[in-house]
Amino acid sequence: MFIVLACQQLLFYIWKLDAGASLATALPLHICGFSIFLCLIVLVTQNVKLFYIIYYFAFSGTLQAVLTPNMEGYNYPHFRFFQYFAGHLTIIIVALYFKVVKEYKIKLDSLLYAFVTLNVLAAAAFAANIMLDTNYMFLLHKPDSFSFLSILAPWPYYLIQLEFLAVIFFLIIYSITNIKDLTFSLSSFLKKVFA
């Protein structure tokens, strides 16, 4: 997984430079770009706190990016098509690997950790957007292609909606991940109440 992520990211930068694009548009300030670097670090260090971030980002932002890709016109069979899906799908695979194979647990405080990280990343992305005339995390305008953002209010109001939706998505991710534990806790609570 490490080799796939590292190679696809390196090839992405080479392609950007070869196409004459500014590397200012390739900083890891989108959720998925940031997650790729976190995945590389976690694959080496096995850091559980960084895994938390990857896990929530993978099943909120990255999954949405896979379902509604912003290909910027580079469709199949272009290199960018394959690189896009290789990177995004590997983020999800890394999250599943650490959850299923390594048996990392998702604790309730992990939700707050991931949410704070998301907002710090958004603040950095917003600052970069202003300084570099970019649109990381789609904070200055919605993507041109259809995405989940398409159904939200116009800018800047959708930014507020995104905050609420992030909390809701993170709670859903936490709940689905821990459904067995939540069911057991509810069952134990009910037995104590009605015993």
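Brief remarks on what is shown
- Complete set of residues in the range 102-116 that are outside any helix (DSSP H, G or I) and touching a residue at least 60 places away in the same chain (Cβ under 8 Å): Ile106
- Criterion: at pLDDT 90 or above and within 25 Å of Ala166 (Cα to Cα) - qualifying residue of Phe81, Phe12, Phe34: Phe34
- Taken together, Lys99, Lys16 contain a single residue that is charged (D, E, K, R) and in contact (Cβ under 8 Å) with a residue 12 or more places away in the chain, which is Lys99.
- Filtering the range 19-42 to residues that are of a type outside the set (Ser, Thr, Tyr) and in contact (Cβ under 8 Å) with a residue 60 or more places away in the chain leaves Ala24, Leu27, Leu29, His30, Ile31, Phe34.
- When residues of the range 149-164 are limited to those that are of a type in the set (A, V, I, L, M, F, W, C) and either modelled with pLDDT under 90 or in a loop (DSSP other than H, G, I, E, B) (or both), the one surrounded by the most Cβ atoms within 10 Å (Cβ to Cβ): Leu149
- For the range 17-37, filtering for residues that are in a helix (DSSP H, G or I) and hydroxyl-bearing (Ser, Thr, Tyr) leaves 2.
- Residues (crowded, with 19+ Cβ neighbours inside 10 Å and among the aliphatic types (A, V, I, L, M)) located in the range 135-148: Met137, Leu139
- So Ile3, is it of a type outside the set (D, E, K, R), farther than 24 Å from Leu118 by Cα, at pLDDT 90 or above and not in a loop (DSSP other than H, G, I, E, B): yes
- Listed conditions (1) under 30 Å from Ala21 (Cβ atoms); (2) in a helix (DSSP H, G or I); (3) among the aliphatic types (A, V, I, L, M) are all met by Leu140, apart from (2).
- Residue check for Val48: over 27 Å from Leu132 (Cβ atoms) and among the β-branched types (Val, Ile, Thr): yes
Results for (1) part of a helix (DSSP H, G or I); (2) closer than 20 Å to Asp144 by Cβ; (3) at pLDDT 95 or above; (4) not basic (Lys, Arg), shown as yes or no for each residue.
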position: Cys39; (1), (2), (3), (4): yes, no, yes, yes
position: Leu50; (1), (2), (3), (4): yes, no, yes, yes
position: Met71; (1), (2), (3), (4): no, yes, no, yes
position: Pro77; (1), (2), (3), (4): no, no, no, yes
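- The set of residues in the range 75-88 that are surrounded by 16 or more Cβ atoms within 10 Å (Cβ to Cβ) and free of Cβ contacts under 8 Å to residues at least 40 places away in the same chain comprises Tyr84, Phe85.
The values are calculated or read from the model by the stated rules, or taken from the named source; none is laboratory data. Computed from a prediction, not measured in an experiment: that's the story for all the values here. Methodologically, a virtual Cβ is constructed for each residue, glycine included, from the backbone with ideal geometry; neighbour enumeration extends over all protein chains shown.
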